[in-house]
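The values are calculated or read from the model by the stated rules, or taken from the named source; none is laboratory data. Keep in mind that what you see is a predicted model, and the values were worked out from it rather than measured. Virtual Cβ from ideal backbone geometry, glycine too; neighbours counted across all protein chains shown. These area figures cover heavy atoms from the full protein model, side chains too; ligands, DNA and RNA do not enter into them. Shrake-Rupley method; radii C 1.70, N 1.55, O 1.52, S 1.80 Å.
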Amino acid sequence: METLRDILDAAARGVFPPSDGRTTVVPQASDRDAGVLAFTAHAVVFTDEDPRWVYDTLAAVPCDALAAPMNPRFLAAFLDRTGRTAETIDAMLVGSPLPGEPPLPLMEITDGDHPRIVYARGRRDDVRAWTAEGGVLVLGRGIAGRLEVSVEVDEGVRRRGLGRALVTAARQLATEPLWAQVAPGNARSMRAFQAAGYRPVGSEALLIAR
């Protein structure tokens, strides 16, 4: 059986599920994470719930079948069924590793209390963090063990290219595909990741264990 990690690894290589309007249901890779990934005309629901419940619930959503997996009615039913919480639907972006040294000085820290680091520790494993003047960069293993990046730039130094430099540096620290989850409404962050070479590959709704 194809696993969630198989699907993500293939997407990182540019190989996506078939654009056939269907939904694939696969088991969760961990107790922590369940959710929905939406690619072009194909969705992936990762859950340990009965797949028949997923398909029956999707069929009952009063909207176009392509939109059903990310429809608020399905997501609300999914949350109720699993007793989980969620925050937003994010865009999924992925970047390949880059050679060379990061374009700015970074200092790795092991006991940071920055909110971005604390947040990452609650959502990811093997979290590592670096600081730069005016910003912080965090890497950790999230959904299905994929390597994920997040950054934070201090308010006083925004709009100077630091965010782009940090997410570029992340690609130079990585030795495997690097994933980012960005709220579509955060246009500034979307521009920074895309300018640094990250490619949008779909969207995701992450359901988090309480």
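How about region 1-99: which trypsin sites (Lys or Arg not before Pro) there lie in a loop by DSSP and see at most 11 other Cβ atoms within 10 Å? Let's see the in-between values first.
On the way: sites: ARG5, ARG13, ARG22, ARG32, ARG52, ARG73, ARG81, ARG84; in loops: ARG13, ARG32, ARG84.
Qualifying residues, ordered by number: ARG13.
Determine the order of ASP31, ASP90, ASP154 by accessible area, beginning with the largest, at a probe radius of 1.4 Å.
Working: ASP31 120, ASP90 30, ASP154 75 Å².
Ranking ASP31, ASP90, ASP154 by accessible area, largest first, yields ASP31, ASP154, ASP90.
Which residues make up the longest stretch of the chain that has no GluC sites (Glu not before Pro) in a DSSP loop with at most 13 other Cβ atoms within 10 Å? Walk me through the numbers before you get to the answer.
Working: sites that count: GLU2, GLU87, GLU133.
Looking at the chain, 3-86 is the longest stretch - no exposed GluC sites (Glu not before Pro) with at most 13 other Cβ atoms within 10 Å.
Farthest toward the dipole's positive end in the chain, which of SER189, GLY95, SER19, given Cβ charges of +1 (Lys, Arg) and -1 (Asp, Glu) about the Cα centre?
Among SER189, GLY95, SER19, the one farthest towards the positive end of the dipole of the chain is SER189.
Could you sort HIS114, HIS42 by accessible area so the largest value comes first, with the probe set to 1.4 Å? Write out the running numbers ahead of the final one.
On the way: HIS114 55, HIS42 15 Å².
Greatest to least solvent exposure: HIS114, HIS42.
Computing the accessible area with a 1.4 Å probe over protein heavy atoms, can you report the carbon and sulfur percentage for the chain? Present the calculation step by step, with values, prior to reporting the outcome.
Details: 5330 of 10530 Å².
On the chain, the fraction of accessible area on carbon and sulfur atoms equals 51 percent.
Just want the answer: with Cβ charges of +1 for Lys and Arg and -1 for Asp and Glu, which residue in TYR198, LEU162, ALA43 is farthest toward the dipole's positive end in the chain?
Positive-most Cα among the choices belongs to LEU162.
Counting DSSP beta bridges with both partners in the chain, what percentage is antiparallel, nearest 5?
On the way: 39 of 46 bridges.
DSSP beta bridges in the chain are roughly 85 percent antiparallel.
Towards the positive end of the charge dipole of the chain, with charges on Cβ (+1 Lys, Arg; -1 Asp, Glu), say which of VAL151, ALA129, THR3 has the farthest Cα.
VAL151
Where does the charge balance sit around ARG146 when Lys and Arg score +1, Asp and Glu -1, over other residues with C-beta under 14 Å from its C-beta? Display every interim value, and only then the final one.
Values: positive: ARG5, ARG13, ARG32, ARG123, ARG124, ARG141; negative: ASP6, ASP9, ASP33, ASP90, ASP125, ASP126, GLU148, GLU176, GLU204.
With Lys, Arg at +1 and Asp, Glu at -1, the net is -3.
For VAL127, what is the net charge nearby, where nearby means another residue's Cβ is under 10 Å from its Cβ and Lys, Arg count +1, Asp, Glu -1? Write out the running numbers ahead of the final one.
Values: positive: ARG121, ARG123, ARG124, ARG128, ARG141; negative: ASP125, ASP126, GLU148.
Once all neighbours under 10 Å are counted, the net charge is +2.
Which ³J(HN,Hα) values, rounded to whole Hz and listed in residue order, are derived for region 198-203 from phi using the Karplus coefficients 6.51, -1.76 and 1.60 in 6.51 cos²θ - 1.76 cosθ + 1.60 with θ = phi - 60°, glycine and proline given as x?
Here the 3J(HN,Hα) series is 7, 10, x, 10, x, 9 Hz.
Can you list, largest first and rounded to whole Å, the semi-axes you get for the chain by taking the square root of 5 times each eigenvalue of its Cα gyration tensor? Numbers along the way, then the final one.
Details: eigenvalues 198, 60, 49 Å².
After scaling each eigenvalue by five and taking roots: 31, 17, 16 Å.
Within a Cβ distance under 14 Å of LEU79, other residues only, what is the Lys/Arg minus Asp/Glu net charge? If you can, show how the numbers build up before the last one.
On the way: positive: ARG73, ARG81, ARG84, ARG210; negative: ASP33, GLU49, ASP80, GLU87.
After counting each charged neighbour, the total is 0.
Given H placed 1.01 Å from N in the peptide plane, which residues other than close sequence neighbours of GLN28 have an amide H under 5 Å from its amide H?
Those qualifying (amide H under 5 Å, at least 5 residues apart or on another chain) are THR47, ASP48.
Residue by residue, what Karplus-based ³J(HN,Hα) values in Hz, rounded to whole numbers, does region 205-210 have, using 6.51, -1.76 and 1.60 with θ = phi - 60° and x for Gly and Pro?
My calculation for region 205-210 gives 10, 9, 9, 10, 5, 5 Hz in order.
Okay, helix-only estimate at 222 nm for the chain: each DSSP H run of n ≥ 4 adds -39500 (n - 2.57), divide by all residues, round to 500 deg cm²/dmol; what do you get? Mind showing how you got there, number by number?
Working: 6 runs with 59 residues, N = 210.
Roughly -8000 deg cm²/dmol at 222 nm, from the helical runs in the chain.
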